[in-house]
1. Please state, rounded to one decimal and in Å, the Kirkwood hydrodynamic radius that segment 126-222 gives when every pair of distinct Cα atoms enters the mean of 1/r.
2. Which FRET efficiency, nearest 0.05, do Ala133 and Cys202 yield, Cβ-Cβ r, R0 45 Å?
3. With a Förster radius of 41 Å, plug the Cβ-Cβ distance of Met228 and His158 into 1/(1 + (r/R0)^6) and report the FRET value to the nearest 0.05.
4. Based on the Kirkwood radius over alpha-carbon pairs, what value in µm²/s does the Stokes-Einstein equation return for the translational diffusion coefficient of segment 1-120 at 20 °C and 1.002 mPa s?
5. May I ask for the net charge around Phe5, where only other residues with Cβ less than 12 Å from the Cβ of Phe5 are counted and Lys, Arg are +1 while Asp, Glu are -1?
6. Can you pull the one-decimal nm distance between simple spin-label points at Cys7 and Val28, each 7 Å off the Cα toward Cβ?
7. When the helices in the chain are scored as -39500 (n - 2.57) per DSSP H run of 4 or longer and the sum is shared across all residues, what 222 nm value do you end up with, to the nearest 500 deg cm²/dmol?
8. For Phe116, Phe64, Phe186, what ranking results if the residue with the fewest other Cβ atoms within 10 Å of its Cβ goes first?
Amino acid sequence: MTVHFDCTMCGKCCHDLKLPLSVDEALVWAEKGHPIKLLVEALPWTGPPAENDGKAIHDYGRTFPEMCGDIPIRVAVLLVAWHQGACPYLLPDMRCGQYAVRPRVCRIYPLMARPFETLEPAKRLCPPEAWSADLPVLMINGEATDPQSAQTLADHRHAMIADVPRLRALCSLLGWSRAGFANEGFAVMTLDPARLAKALRCAGENRAAMSGMRNWTYVTNRQSTLAMLQAADCDAQLVSQDDGYLGSFPPER
Ligand code: SF4
Ligand code: SF4
């Protein structure tokens, strides 16, 4: 499949941000005083991924092992630049005010940041005229045609895996051990930017010392998920959006 694309400078992708950043990018963002949230989910884990299961291998790489009650889990942590309205760097003419040093996810949009996800133009923020067949080719058969974009995408995906030890150390340092059930929702931690920047620096320096296993708690807004987790002897709590939870499904009490 061939996808044609050119940016119309509509600015939609620079509003109401939820940008997944690498640790180094998050440190720069937080040091400038901009908010970052930790989004945390966890998968029950039954064993090493099969050699031919690329998605499971990727999930294994972007997570770290912990326990939830007696159940082994793997925890995924995202550092997300979270901003209501226009990005603090967006200029009035919809250009980026830090174009040369903008985060990788900004450079690659509208390509899909995560592997094993298919680009569906109708689900991206870009307007229909950005996808016209007379525009340059963005992708062929799921591969970016521009070598620089392809390299940036590869660098972003590599950072999401290389950062895992520092993210584990960060959770340990912050005393954070709550996770949403994977593919249902995230436990959300909101931090003052200065505190997060300090913790990220500390996590980088002390990650080996903060790699011990800890007990985690699942949080969910669905009674049925709570019952399923408790039946499996996992520590679990029913929470709401106000308790720091971002769910994909409506609450179920
Ligand atoms: S950093 Fe630049 S490209 Fe990224 S969201 Fe902000 S204004 Fe847009
Ligand atoms: S939403 Fe798409 S078309 Fe609009 S500024 Fe972002 S990349 Fe360009």
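Bear in mind that the values in this text are calculations on the coordinates, not laboratory data. Keep in mind it's a predicted model, so treat the numbers as computed, not measured. Note: ideal-geometry Cβ built from the backbone for every residue, glycine included; neighbour counts use all protein chains shown.
1. Over segment 126-222, the inverse of the mean reciprocal pair distance is 17.0 Å.
2. 0.30
3. Computed FRET efficiency for Met228 and His158: 0.75.
4. It diffuses with D of about 128 µm²/s by this estimate.
5. Overall, the nearby charge balance is -3.
6. The two pseudo-label positions are separated by 1.5 nm.
7. -8500 deg cm²/dmol
8. Phe116, Phe64, Phe186
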